[in-house]
Amino acid sequence: MIGFARAALSLILLAGFFVVAIGQVAGAIALTVLISDVIAGFVAVKLLWPLVAASAVGTGRAVWRVFRGKPEPPTGLRIADPWLTQTVERLARQADTRPPDEIWLTPEVNASVTEESRLLGLLGGTRRLMLGLPVLHAFTVAELEAVIAHELGHYSGGDTRLAAISYRGRLAIAAALHRMSPRNPVSWIFRGYGALYLLADNAVSRRQELAADRAAVLAAGKEATSAALSRLPGLSVAWEFFHDAYVMLGWQHGYVPQDVFGGFAAMAHARAEDIAALQSALPEERGSRWDTHPPLPVRLAAIRALPDVRVQADHRPAYQFVAGHAELTRALAEQVVDAGDRTPLPWPQYTATALAAGLQDDVDRDFRAIARALGGPAADLSTVVDQIAAGRLAEIAQPLFPTATRRELPELFAVPLTRMFALAAVRSGVAGYRHSWSGPAEFVTGDGADPRLDEIAELAVRPGGLGEAMARLTRMGVHVAAGTQRNAAPTAVGASVIGGLANVKVDGKDHDVIILTAGLVLVPEPGRINKGRLRMLDMVNGQPADKLAQSYPFLAYETVQRARVLRSLPLKAELSLYDGRTVELRERLESEELGTSSRDDLISILENL
């Protein structure tokens, strides 16, 4: 009944959407005719044509999406596991609904169901159940049954079949707004109507979720349903942590783990207590009328208020019952992880290689700063040791700590010197990074000991201590000559996109400026002035930040000796580089931002260089 109400509401709001759109087209044409009595007809058409075109194009896109739009196909791996199939069929019988035709493993910390219905949901079609592999790896049998029963509850409530209307309504709104500039007056009306649609649709969606929770309790019990709901937020954070702290370690350096999802399973088991503590530390959800799901406290309270259901809970790990689950994790990774030409490595080697590559990047940055201070093309650890021996520690340390006093420099320089010693130790085969699922990777020698390179670095910067420090490194087998530079020029490896400014004069020539965490990508002769935001969107969505920096001129922040912001709006700035060049940035009045704060972010970066 709730699904029917949602569909009916969607139809009414969709009809209103088209009325608003057609009214805008008619109003724009009428306004054009009216103004043409006052000014020349050609001028009136030229002034108001963007309004007419935007309304017509927005409406056309919306109509197309409503009648032709379909849900995206699943991203994952279709499976036919006997235990999962039997479990799903049993729970479907309990929910008095037809079981899904297909079961898919997906890479998300989530579960969902779809139905490819026809005639806007009047006729049923192929049903699919999507199970996130991280959920399968982390949940017990009882918790997994609660998750599946919840999703099947959407089938029994008719949510999935009639959701086609709601889904296509969202597509219609998105189609009308996607290509409209926020500064276009036409978009203001459409955005307001879109907000109304989402408010109404989300209110019904929240009621559907509570109904599906009741179906989960009937099948799996209150305890398992509450536990599954409570664990999902913490598991989502754990997945994000795993992605950032493990998977992405070597991604920008050209490496990929051989078994991504198997790694998450190992980490989730090794850090089970940490994940549980993380869950309890998460702030309580307050909820919003814009949410599609009720806040967790509301859902848990509704579950507690339900009548008791006697269910024998199975607390064994669910993944143990899936045949060949280890092979499935690898198969899913091959299906969904776009590794490109990256080199696959087993997890221990991947961690060690990735961290060593990151260490090299950090040391290269230090070496480049020292080389600039010495006026040479490059520097390495041998150069650093020679300069310290010659009593010039302050000269090579000052570029790394420009605001520090001469007295503070020796103690501060011990930190980058430790990194340089570590690189030499890795290159000498004496030490490296040891992988761990339960904590951070450790930098250890071959026998698992801490090499204490920080103590050796502190000794090296003390007056008269360099000789003993070099003797200790020699006894360990660390060769100073192994600490060499790899990249003489800065790169954008590991960088991310912050924003962008279209239509900027760089030394008097038109450019788009993509703002990275590591520098500015200067795109020459970008194209039409009024397409700047869309042009930058296509660019940053099409390739990662480091590839952008390879494809176009790249101005790294570390090469800027001084930056002056001469005017904030429109932006005018002057950058003085270490090589003696000066670069002028002058924003045009027709400039467009990638995001709402790109200009402010760039000004903040320049003021802190």
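The values are calculated or read from the model by the stated rules, or taken from the named source; none is laboratory data. Note that the structure is a prediction, hence the values are computed from the model and not measured. Ideal geometry is used to build each Cβ from the backbone, glycine not excepted, and the neighbour counts take in all protein chains shown.
What tally of residues in region 260-283 results from selecting those that are out of contact with any Leu (no Cβ under 9 Å at 6 or more places or on another chain) and under 16 Å from Y319 (Cα atoms)?
Counting residues in region 260-283 that are out of contact with any Leu (no Cβ under 9 Å at 6 or more places or on another chain) and under 16 Å from Y319 (Cα atoms) gives 7.
Just give me the residues in region 436-475 being under 27 Å from R368 (Cβ atoms) and of a type in the set (A, V, I, L, M), in sequence order.
Across region 436-475, the qualifying residues are A441, L453, I456, A457, L459, A460, V461, L466, A469, M470, L473.
Only one of G439, G527 is outside the structural domain of T559 (by TED's automatic domain parsing), in a loop (DSSP other than H, G, I, E, B) and not hydroxyl-bearing (S, T, Y); which?
Selected residue: G439, the only one of G439, G527 that is outside the structural domain of T559 (by TED's automatic domain parsing), in a loop (DSSP other than H, G, I, E, B) and not hydroxyl-bearing (S, T, Y).
When both residues are 6+ apart or on different chains and their Cβ atoms are under 8 Å apart, which pairs have a first residue that lies in region 142-170 and is assigned to a loop (DSSP other than H, G, I, E, B), and a second that is modelled with pLDDT of 60 or more?
These pairs meet every condition: G157/Q208; G157/A211; G157/A212; G157/A215.
Every residue in region 267-297 that is surrounded by fewer than 17 Cβ atoms within 10 Å (Cβ to Cβ), modelled with pLDDT of 85 or more and either under 22 Å from H150 (Cα atoms) or not charged (D, E, K, R) (or both), please.
Correct list: H269, A270, A272, P295, P297.
Between D159, D96, which is under 18 Å from A220 (Cα atoms), modelled with pLDDT under 90 and of a type outside the set (S, T, Y)?
D96
For region 507-539, which residues satisfy the criterion of being within 21 Å of the chain's Cα centre (by Cα) and either farther than 25 Å from R365 by Cα or surrounded by fewer than 17 Cβ atoms within 10 Å (Cβ to Cβ) (or both)?
If the condition is that a residue be within 21 Å of the chain's Cα centre (by Cα) and either farther than 25 Å from R365 by Cα or surrounded by fewer than 17 Cβ atoms within 10 Å (Cβ to Cβ) (or both), then T517, R533, L534, R535, M536, L537, D538, M539 are the ones that fit.
Hey, does region 127-142 have a residue that's within 30 Å of R535 (Cβ to Cβ), crowded, with 24+ Cβ neighbours inside 10 Å and either in contact with a helix residue (DSSP H, G or I) (Cβ under 9 Å, 6 or more places away or on another chain) or modelled with pLDDT of 70 or more (or both)?
no
For region 367-397, enumerate the residues that are more than 36 Å from the chain's Cα centre (by Cα) and either assigned by TED's automatic domain parsing to the domain that holds Y578 or not hydrophobic (A, V, I, L, M, F, W, C) (or both).
Listed by number, the residues that qualify are G375, G376, P377, S382, T383, D386, Q387, G391, R392, E395.
Which residues, counting only those in region 446-474, are buried (at least 16 other Cβ atoms within 10 Å of the Cβ) and farther than 18 Å from L381 by Cβ?
Within region 446-474, none qualify.
When you check G250 against the structure, is it surrounded by fewer than 23 Cβ atoms within 10 Å (Cβ to Cβ) and modelled with pLDDT of 90 or more, yes or no?
No.
Report, ordered by the first and then the second residue, all pairs with beta carbons closer than 7 Å, sequence separation of six or more or different chains, a first member in region 86-115 that is closer than 16 Å to L328 by Cβ and surrounded by fewer than 16 Cβ atoms within 10 Å (Cβ to Cβ), and a second member that is modelled with pLDDT of 90 or more and of a type outside the set (G, A, S).
Pairs found: E102/R78; E102/R128.
Are there any pairs with C-beta distances below 9 angstrom linking a residue in region 361-389 that is surrounded by fewer than 23 Cβ atoms within 10 Å (Cβ to Cβ) to a residue that is of a type in the set (S, T, Y) and at pLDDT 95 or above, with the two at least 6 apart or on different chains, and if so which?
Filtered contacts from region 361-389: A371/T383; L374/T383; G376/T383; A378/T484; D380/T484; S382/T484.
Return yes or no: is G580 at positive phi and either crowded, with 16+ Cβ neighbours inside 10 Å or more than 30 Å from the chain's Cα centre (by Cα) (or both)?
Here the answer is yes, as G580 does meet what is asked.
Considering only region 512-557, state which residues are of a type in the set (D, E) and closer than 22 Å to G254 by Cβ.
Result: D546, single match.
Show the residue pairs that are 6+ apart or on different chains and have beta-carbon atoms under 7 Å apart, the first residue being within region 224-246 and touching a residue at least 40 places away in the same chain (Cβ under 8 Å) and within 17 Å of P294 (Cβ to Cβ), the second being of a type in the set (F, W, Y) and part of a loop (DSSP other than H, G, I, E, B).
The qualifying pairs are A228/F139.
Output the qualifying pairs, or none if there are none: Cβ atoms under 7 angstrom, residues six or more apart or on different chains, first residue in region 331-342 and in contact (Cβ under 8 Å) with a residue 60 or more places away in the chain, second residue crowded, with 16+ Cβ neighbours inside 10 Å and assigned to a loop (DSSP other than H, G, I, E, B).
Filtered contacts from region 331-342: L332/G76; L332/P107; A333/D259; Q335/G76; V336/G76; V336/P107.
Before we move on, is T59 assigned to a helix (DSSP H, G or I), of a type in the set (S, T, Y) and modelled with pLDDT under 90?
The answer is yes for T59.
Is there a residue being under 21 Å from V88 (Cβ atoms), in contact with a Lys or Arg (Cβ under 7 Å, 6 or more places away or on another chain) and at pLDDT 90 or above anywhere in region 213-221?
yes
Regarding V415, is this residue surrounded by fewer than 18 Cβ atoms within 10 Å (Cβ to Cβ) and under 27 Å from the mean Cα position of the chain (by Cα)?
no
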